[in-house]
Amino acid sequence: MSYRILVAEDHPLLRHGLRALLATHPDYVVVDEAVDGREAVTKTLQLQPDLVLMDLSLPGTSGTDATAQIRRRLPQQKVLALSDYDSELHASEAMRAGCSGCLKKDSAPEEMLLAVKTVLAGRRFLGQALASLLLDGMLRPDKSRDANPWDTLSSRERTIFKLIAEGGTNRSAAAYLNLSAKTVEKHRANLMRKLRLNSALELALLAVELGLVQRPQMPSRTPAAFQTGLAG
């Protein structure tokens, strides 16, 4: 039996590497590729593959948001998330969005193929590195986990947060999301208030601490409201 797989990854080298790895298995066929979250949603709805390999750090619409959109339209669609970061937040949000599995991009080829096989079989899979992070998070006191204001953001606010953290403006985020600039400005003001942030710099630094963007060469300054939620 052949399984049809869509690869959603914006880095060409990794995208081609995933295609080459899957080609080593006689039952796996890569039917198409996507380079951003919007394209991943469109192509998944069109092709309805057996599995989507979803990069969580896709530009614009994140892999997490793309997965949520896909699962609303195709509740049975299997999605295996690929993460750049050692981030409990990335993994837990991916699973809540509807991913059937999640593992690091730098996992061994054998673990990647095992993850694909497991998810295609209808079971869940969590990579060894991310499983340890999630277990640590589960063992934290409930009070510490509840103290994180990130959980109060809506899906739209989280998408705008990521766009702004990546250097976007209200205008560019509005154009990408097909919203008015005033709507984006309102969402941005709401998320800044919820997260108790005072500037775009604080927002960018928080995104680094949460593992949502790559760490720049500068000292970290996490807002005090998150010290408890990110500890551990």
Which helices (runs of 4 or more DSSP H) sit wholly inside segment 1-112 and have at least 3 residues that are farther than 26 Å from residue 179 by Cβ, open to solvent by 10 Å² or more (accessible area, probe 1.4 Å) and of a type in the set (D, E, K, R)?
none
Residue under question is residue 188, and the condition is that it be within 18 Å of the chain's Cα centre (by Cα), open to solvent by 50 Å² or more (accessible area, probe 1.4 Å) and at pLDDT 65 or above; does it hold?
no
Evaluate the following for residue 123: is it surrounded by fewer than 21 Cβ atoms within 10 Å (Cβ to Cβ) and modelled with pLDDT of 85 or more?
yes
Taking into account only those residues within segment 113-127 that are in a loop (DSSP other than H, G, I, E, B) and in contact with a strand residue (DSSP E or B) (Cβ under 7 Å, 6 or more places away or on another chain), which is farthest from residue 3 (Cα to Cα)?
127
Taking interchain pairs and intrachain pairs at least six residues apart, which have beta carbon atoms under 7 angstrom, with the first residue in segment 2-18 and over 16 Å from residue 39 (Cβ atoms) and the second open to solvent by less than 50 Å² (accessible area, probe 1.4 Å) and of a type in the set (Ser, Thr, Tyr)?
3/28
Hey, can you tell me all the residues within segment 39-52 that are in contact (Cβ under 8 Å) with a residue 40 or more places away in the chain and not acidic (Asp, Glu)?
47, 49, 51, 52
So is residue 230 at pLDDT below 60 and not aromatic (Phe, Trp, Tyr) or not?
yes
Taking the criterion of being closer than 20 Å to residue 93 by Cα and either within 21 Å of the chain's Cα centre (by Cα) or at pLDDT below 50 (or both), would at least one residue in segment 178-185 satisfy it?
no
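The values are calculated or read from the model by the stated rules, or taken from the named source; none is laboratory data. Model, not experiment: these values are computed from the prediction. All Cβ positions, glycine included, derive from the backbone under ideal geometry; neighbour counts span all protein chains shown. Accessible surface is based on the protein model in full, side chains and every heavy atom, while ligands, DNA and RNA are left aside. Shrake-Rupley method; radii C 1.70, N 1.55, O 1.52, S 1.80 Å.
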